[in-house]
Amino acid sequence: MSAQRSSRTPSYRTAGQWVAAVTTAVLATSASSCSTPDASVSDAYAFLDLAMDTCGRGDQLRLPPSYLSGVPAADAPEASYVYDVAVTTIAYTARGTDEDLGRARTLAASLVSLQGSDPDGDGRLRNAYPCTAPADSSQALTDASSTGNMAWAGLAQLQVYAAADDSTADAATPDTAVLDAAVRLGTWIHDVTADDRGTGGYTGGLAADGTPILWKSTEHNIDVAAFFLMLASATGDPVWSERAQSALAVVTSLQDPATGHYWVGTGTDGETTNTDDYVPEDVQSWASLVLPGDATSRALDWASENLLVGGDDARGAKVGDGADPTETVWYEGTAHLACALRVRGLERDAALADELLDTLRDAQRAPQTSSSAPSLTDGQSSSGVAPRGVPAASQDGTAGGDSTIYDALHTGTTAWFVLAAQGSDPFSDDGRT
């Protein structure tokens, strides 16, 4: 990642003030309680069930493949990316039926198994595994461990722990192994990626060869802040709130005062703002979800005004400004944006959130086939509901750097869709059901 100018800390709020302001907001009862699901949500959950059951059944440890069609499924039909597994797990806790929570616990147990059997045994996970791999972490598809992916896995573990600890939920007694696994992930993030350069925060993790990734990602530090705040609540240990403050310092320093949007991160020096790369959608939406307030509201407004593409009847978000000259609709990002608007809940947000959700439903209704699962046209989940997922993008296109997004049925996008449709904040462990 390259950079051009030094990072700047906005004058309107310090990171310490943000921690004081948002700890209560993130951990208190959220205004984003789930609404009554519609048929498209039921169909989407059926798709997640079917994806999860391609690699096992019942209580058998397994992961859902990330893609069930298109180029990714053809190239690696059993590949499960930890981020997608985490978002799927959180989506199950959001609806929170007995079956959903059982599935969430199975996914959490699978991550615990992978973490416990990791060859290095230092608390990390790897970024991707075969969907059948939870009994043998040595089968990991990559040796890389990205900070944001580790934080999302920890968030998923804590959502499962919180769901089991909720006296209103019909769930099993909280599994301390899940909480312990989350603590180990948080400890790995802090021990391996904490950085004292610039405004502090956390670097990108470890590359596949074990080399430290020296740049800092705004997205990763948002993820870490949410994870550590939730860890502070779950463990009662204030050290996690202190560590969240370090992540938030990076986030605040990377907001552009003129536009309100957040830059993608820093250069490898850990302090120079990277203004050469695109401005990403996910950072704007996720910041609004994790840190509600005027500062992040500006970023969400910027994304709503600058990152929508498509016709009047099917608008959606693109990956970022200038990231894809074909203006491919990124359905996952569309779901991020819809979710953030619904959670913010201002009067002006409702129409755009509904429009974005309609775009996602149109994509869900398109003819679907799968290269790695039973037929998505004729098959049914265990609940008897027709499974219909949401593809990651409207066509194969360009993401940031040398990454690609695909017109491929995607568990991560489908999970984000059900979160958005239910108005459920994946970064909050309250209002889950």
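The values are calculated or read from the model by the stated rules, or taken from the named source; none is laboratory data. Remember, predicted model here, so these are calculated numbers, not experimental data. Note that we place each Cβ from the backbone using ideal geometry, even for glycine, and neighbour counts take in every protein chain shown. For the accessible areas, the whole protein counts, side chains as well, though only heavy atoms, and no ligand, DNA or RNA atoms are used. Shrake-Rupley method; radii C 1.70, N 1.55, O 1.52, S 1.80 Å.
Evaluate the following for T359: is it at negative phi, hydroxyl-bearing (S, T, Y), assigned to a helix (DSSP H, G or I) and modelled with pLDDT of 95 or more? Taking the combined requirement at face value, the residue satisfies it.
Residues of the stretch 270-289 that are among the aromatic types (F, W, Y) and closer than 16 Å to D256 by Cβ: Y278 alone. Within the stretch 178-209, the only residue that satisfies the criterion of being over 22 Å from S110 (Cα atoms) and among the basic types (K, R) is R197.
Looking at the structure I just gave you, is D256 open to solvent by 10 Å² or more (accessible area, probe 1.4 Å) and farther than 27 Å from V87 by Cβ? Step through it out loud before you land on a result.
Numbers: open to solvent by 10 Å² or more (accessible area, probe 1.4 Å): yes; farther than 27 Å from V87 by Cβ: yes.
The answer is yes for D256.
None of D301, D354, D313 is farther than 30 Å from T54 by Cβ and in a loop (DSSP other than H, G, I, E, B) except D313.
Scan the stretch 216-238 and tell me whether some residue there is within 18 Å of N149 (Cα to Cα) and open to solvent by 40 Å² or more (accessible area, probe 1.4 Å). Yes, some residue in the stretch 216-238 is within 18 Å of N149 (Cα to Cα) and open to solvent by 40 Å² or more (accessible area, probe 1.4 Å). In the stretch 36-49 there is at least one residue matching the filter, namely being farther than 29 Å from A133 by Cβ and at pLDDT below 50. Listed by position, the helices (runs of 4 or more DSSP H) contained in the stretch 68-136 that have at least 2 residues being open to solvent by less than 40 Å² (accessible area, probe 1.4 Å) and free of Cβ contacts under 8 Å to residues at least 60 places away in the same chain are 98-116.
Every condition in (1) open to solvent by 30 Å² or more (accessible area, probe 1.4 Å); (2) of a type in the set (D, E, K, R); (3) in contact with a Lys or Arg (Cβ under 9 Å, 6 or more places away or on another chain) is met by D49 except one, and the failing one is (1). Of the residues examined, D294 is one that is surrounded by fewer than 24 Cβ atoms within 10 Å (Cβ to Cβ) and in contact (Cβ under 8 Å) with a residue 24 or more places away in the chain.
Taking the stretch 412-431 as the region of interest, how many residues are out of contact with any His (no Cβ under 7 Å at 6 or more places or on another chain) and in a helix (DSSP H, G or I)?
Taking the stretch 412-431 and keeping what is out of contact with any His (no Cβ under 7 Å at 6 or more places or on another chain), we get 412-415, 417-431.
Keeping just the survivors that are in a helix (DSSP H, G or I) gives 412-415, 417-421.
Result for the stretch 412-431: 9.
Can you confirm whether T199 is polar (S, T, N, Q), assigned to a loop (DSSP other than H, G, I, E, B) and modelled with pLDDT under 95? So T199 does not fit the description; no. Comparison of R315, R344, R348 shows that the only residue that is under 18 Å from the mean Cα position of the chain (by Cα), over 21 Å from G148 (Cβ atoms) and not hydrophobic (A, V, I, L, M, F, W, C) is R344. Scan the stretch 247-274 residue by residue and report those that are among the charged types (D, E, K, R) and touching a strand residue (DSSP E or B) at 6+ places or on another chain (Cβ under 8 Å). Hits for the stretch 247-274 are D256, E271. The number of residues in the stretch 261-290 that are open to solvent by 10 Å² or more (accessible area, probe 1.4 Å), over 19 Å from E332 (Cβ atoms) and not in a loop (DSSP other than H, G, I, E, B) comes to 1. Total residues in the stretch 203-215 satisfying the condition of being crowded, with 19+ Cβ neighbours inside 10 Å and of a type in the set (V, I, T): the figure is 2. Summed over the stretch 170-196, residues that are surrounded by fewer than 16 Cβ atoms within 10 Å (Cβ to Cβ) and assigned to a loop (DSSP other than H, G, I, E, B) total 4. The listed residues are A91, A86, A74, A109, and the only one of them that is more than 26 Å from V192 (Cα to Cα) and touching a Leu at 6+ places or on another chain (Cβ under 7 Å) turns out to be A91.
Can you tell me which of A169, A208, A156 is at pLDDT below 95 and among the hydrophobic types (A, V, I, L, M, F, W, C)? Exactly one of A169, A208, A156 is at pLDDT below 95 and among the hydrophobic types (A, V, I, L, M, F, W, C), namely A169. The single condition among (1) open to solvent by 60 Å² or more (accessible area, probe 1.4 Å); (2) over 18 Å from F417 (Cβ atoms) that R315 does not meet is (2).
From the list V224, V239, pick out the single residue that is of a type in the set (A, V, I, L, M) and farther than 21 Å from L125 by Cα. Break it down into steps so the answer makes sense when it comes.
Values: V224 fails: farther than 21 Å from L125 by Cα.
None of the others qualify; the one that does is V239.
Filtered by the rule that a residue be modelled with pLDDT of 65 or more, surrounded by 13 or more Cβ atoms within 10 Å (Cβ to Cβ) and outside any strand (DSSP E or B), the stretch 367-397 gives Q368, V385, A386, P387, R388, G389, A392, S394, Q395, D396.
Test S233 against the stated conditions and say whether it is touching a residue at least 24 places away in the same chain (Cβ under 8 Å), over 20 Å from T275 (Cβ atoms) and of a type in the set (S, T, Y). Yes, satisfied. Every listed requirement among (1) of a type in the set (V, I, T); (2) under 22 Å from Q157 (Cα atoms); (3) open to solvent by less than 10 Å² (accessible area, probe 1.4 Å) is met by V250 save one, (2).
For the stretch 276-293, a residue qualifies if it is modelled with pLDDT of 95 or more and either out of contact with any helix residue (DSSP H, G or I) (no Cβ under 9 Å at 6 or more places or on another chain) or of a type in the set (D, E, K, R) (or both), and the qualifying residues are E281, D282.
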